[in-house]
Every structure is written in C-alpha cells, then in structure tokens.
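Encoded as structure tokens, the structure appears first; notes follow it.
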C-alpha cells in the first residue's frame, strides 16, 4: 500500500499534487510519502510483537537524513555499511546502541568511528577483520562488540547481484569457519561477542529461504551457547521484497510468522532478534518525478526521452528491473504508445523502461516512476556532470524539500587546477 493516488486526473502524494511539486521544485525529483513510510515501518515492527527485537533500518536503501530522522522517531535502529552512513545515522539522532555496522570491507578509521560512537556491534565477515578490530580497540583502550556473519549457503532465489547467502558470494563465513572464529575471539581481550548474523539477499519473494537460513543459523547459535559463547542477539538481516510489477512477496506479517516459526525449536536461548529491513519500508514510499523532453521515432522502436537518466535511477540499467510508470496528469482519450523511456546520457544503457506500453506523452508531460524509494537516490551519481535530483518529503497536505538539487558549481567545488597548468 502507498499514498500515491489519482484525485480526478491528477496524481497526488497524500494531499499534494505532484504537478505542484514539479512546478515549485523542478525535475527530476524524488518524492517520498511520510504516511507510507510510517505505515510500512509500524506494520513491520508489529510483525515481531511477542519476541524481543530491534528493527534496524537499512540505511543504504535510502539515506536521506529526514527519512532516517522519521525512522528514529518511530523507534528504529540503523543498519549501516560505511563510516559515512554512521555519520548520517548519528546526525539523524539514532541511538548508538541500536546501530549495527555491517560491510565486508571496513577501514580502520571506520572501526575507530564506530568505537567512539559506542555502537551496538560490528557484524564481522572475515578473520582479518576480527584481528583489526582487536588491534584498534586495544589502541583505544576499549572493547569492541562483534557479531560474526555466517554464510548459511541458502539460495535466496533473487537477482544474482543481490544474492548474498551462497558459498560463492563474498559475504560472511561458512559455518565451520565461523565456529573456529568464535572460539578464537573468546580469547581476545578487547573483543566482546554479542551475536550471530546472517543476510541471504534482497528482494526475496518467498519465506522459505528466510526460514531455512534462520533455522540453520539458530542451530549454530545453540551450539555456541552450549560451548559458553555469550551470545545475546540473532541478527537475521533483511531482504523482504516488494511488488514492482507482478511479484507477490509475503507480507511483513507472513515474514514475521516464518521467522518466529523457524526460531520455535530454539526457544529458551534468550536472544534478541535484530532485523534489517530497507526496501520493504521505503521502496513503495517513493517515486521519481520526471518530465518528457522529446518523442523520437526510430526505425526499430519508439523512444520517449525524459530529463531523468540512469544516473538518477540506476536499477533498470543495472538489474534490468521494472518500475511502473504513471502519467502525473491523465489526458482523456490519449492514444497508447510502445516505447523505450530513456534519458539524455550518452550511453545505450541509459534507459528507465524498455518496450513499455504507455499513454502517449507529449513534450512537457510529467511521469512518475513508481516504487523508487529504495536504491533510487542512494545509488545515483553525477555521471555526465549531471547534478543529482532534489528530494521531497510529503506530510499530509504539505511538503518539504529535504535535499536541495545540486548545482554544477557545487560539483566543481572540490576540484582544483594545479599552478603548473595555469
């Protein structure tokens, strides 16, 4: 469910017409619905009622500080993957004891920043990382809390680029290697073992992979606790999918039941469950607003050229993913057109939709690319020296620009011509 609906022939976000936003802010612009964000977060959180849990929002899905601040107000923690995301989470007011630091390649300065902030734990993924965290913590005369990410070798049945739980993926440690690393970490004076972690992939549309992975990891957790490893939490990652086209992913309630069922044989271990949802919270809470520039008829196909490009929304080019398209103003009796919707960038891969049947737009018409709240702006770039889009958050009948559109001047601020070239 989202709050992007037509009122008459105008597409609204909550109580605000999208064409009004375009008139005041310009295009391309990302627009997020506060009401949708809140509903999705609360429904996900309520799915785990009855068991101790922390919902740590996956910052990489959408790192806008206003979105993060809203999550914090609703009680969320944060799942971060870089020192920059740690900075954002703290600026948004996140409780450090609800921050988990994932990522397969943490730098020394990022580890230092996490220790200074007093985060809940580092999710570690290699023996070398554990050794570096021990070294940094010793130098800082403190102790570092860790969880070890276990690779359960479960097929997430998703796009290979976002599958993370197989032996061939770069993430985590195999079960046997994880056992050995837990035993070794027990003897490190500046390491505190907190939990066990797994994450098998993103945009999952079935509960069985979650169930299988959690059952395997929970079984390992029981073995470790029996050996005296002081585990206090089980981090089950994120990955629950959303409907982009015809997918029918499980609801958060179904997902919660699957998790609780997988954990049923392991009751009594006194473990807090940590979840790391991202896409399922923000995906359908955002759209990309763009304006039609030209229609072009080629020999093989038609093209609708818009002012957004794959530097603004990378997912179609990168994952061959689908985003629904809605006209912001519906025109009665408009003919249909099958076309590629493409941007201005000088790459054949610069497309937002291919062979899509559309209501024929005219130059100047606005389009909304749906389900763009996750991995939309956060994956955008300045390729072709294109300033990144503005971001807008709608609350009822009001909206705020929560990220100003970049200017070309700002893009050049950190570049310098050396004296010997002047």
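The values are calculated or read from the model by the stated rules, or taken from the named source; none is laboratory data. Predicted, not measured: the structure shown is a model, and the values here were computed from it. Every residue, glycine as well, gets a Cβ built from its backbone with ideal geometry; the counts of neighbours run over all protein chains shown.
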- Search result, residues across region 379-415 that are closer than 17 Å to residue 37 by Cβ and buried (at least 16 other Cβ atoms within 10 Å of the Cβ): 391, 392, 393, 394, 395, 399, 402, 403
- Query: How many residues does region 331-346 contain that are in a loop (DSSP other than H, G, I, E, B) and modelled with pLDDT of 95 or more?
  - Reply: 3
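Please determine whether any residue of region 340-349 is touching a residue at least 40 places away in the same chain (Cβ under 8 Å) and touching a helix residue (DSSP H, G or I) at 6+ places or on another chain (Cβ under 9 Å).
To start, the set of residues in region 340-349 that are touching a residue at least 40 places away in the same chain (Cβ under 8 Å) comprises 344-345.
Among the residues that remain, those that are also touching a helix residue (DSSP H, G or I) at 6+ places or on another chain (Cβ under 9 Å) are: 344-345.
Looking for residues that are touching a residue at least 40 places away in the same chain (Cβ under 8 Å) and touching a helix residue (DSSP H, G or I) at 6+ places or on another chain (Cβ under 9 Å), one finds at least one in region 340-349, hence yes.
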- Task: Quick one: count up the residues across region 96-119 that are closer than 20 Å to residue 236 by Cβ, at pLDDT 95 or above and surrounded by fewer than 21 Cβ atoms within 10 Å (Cβ to Cβ).
- Result: 2
- Query: Do the conditions hold for residue 68, that is, is it surrounded by fewer than 24 Cβ atoms within 10 Å (Cβ to Cβ), touching a strand residue (DSSP E or B) at 6+ places or on another chain (Cβ under 6 Å) and within 30 Å of residue 390 (Cβ to Cβ)?
  - Reply: no
- Query: Going by the structure shown, is residue 371 surrounded by fewer than 21 Cβ atoms within 10 Å (Cβ to Cβ) and touching a helix residue (DSSP H, G or I) at 6+ places or on another chain (Cβ under 9 Å)?
  - Reply: no
- For region 34-60, which residues satisfy the criterion of being farther than 26 Å from residue 4 by Cα and over 18 Å from the mean Cα position of the chain (by Cα)? 48, 49, 50, 51, 52, 53
- How about region 175-285: which helices (runs of 4 or more DSSP H) wholly inside it have at least 1 residues that are under 19 Å from the mean Cα position of the chain (by Cα)? 208-226, 252-263, 279-282
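Those residues that are outside any helix (DSSP H, G or I) and modelled with pLDDT under 95, I need them from region 303-321; list them, please.
Step one: filter region 303-321 for residues outside any helix (DSSP H, G or I), giving 303-314, 320-321.
320, 321 - these are the residues of region 303-321 that are outside any helix (DSSP H, G or I) and modelled with pLDDT under 95.
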- Filtered residues of region 246-269 (kept if closer than 25 Å to residue 230 by Cα and without any contact (Cβ under 8 Å) to a residue 12 or more places away in the chain): 264, 267, 268
- Message: Regarding region 210-231, can at least one residue be identified that is surrounded by 19 or more Cβ atoms within 10 Å (Cβ to Cβ), within 21 Å of residue 99 (Cα to Cα) and modelled with pLDDT of 90 or more?
- Response: yes
- Message: Are there helices (runs of 4 or more DSSP H) fully within region 1-77 with at least 3 residues that are touching a residue at least 12 places away in the same chain (Cβ under 8 Å) and in the same structural domain as residue 325 (by TED's automatic domain parsing)? List them.
- Response: 18-25
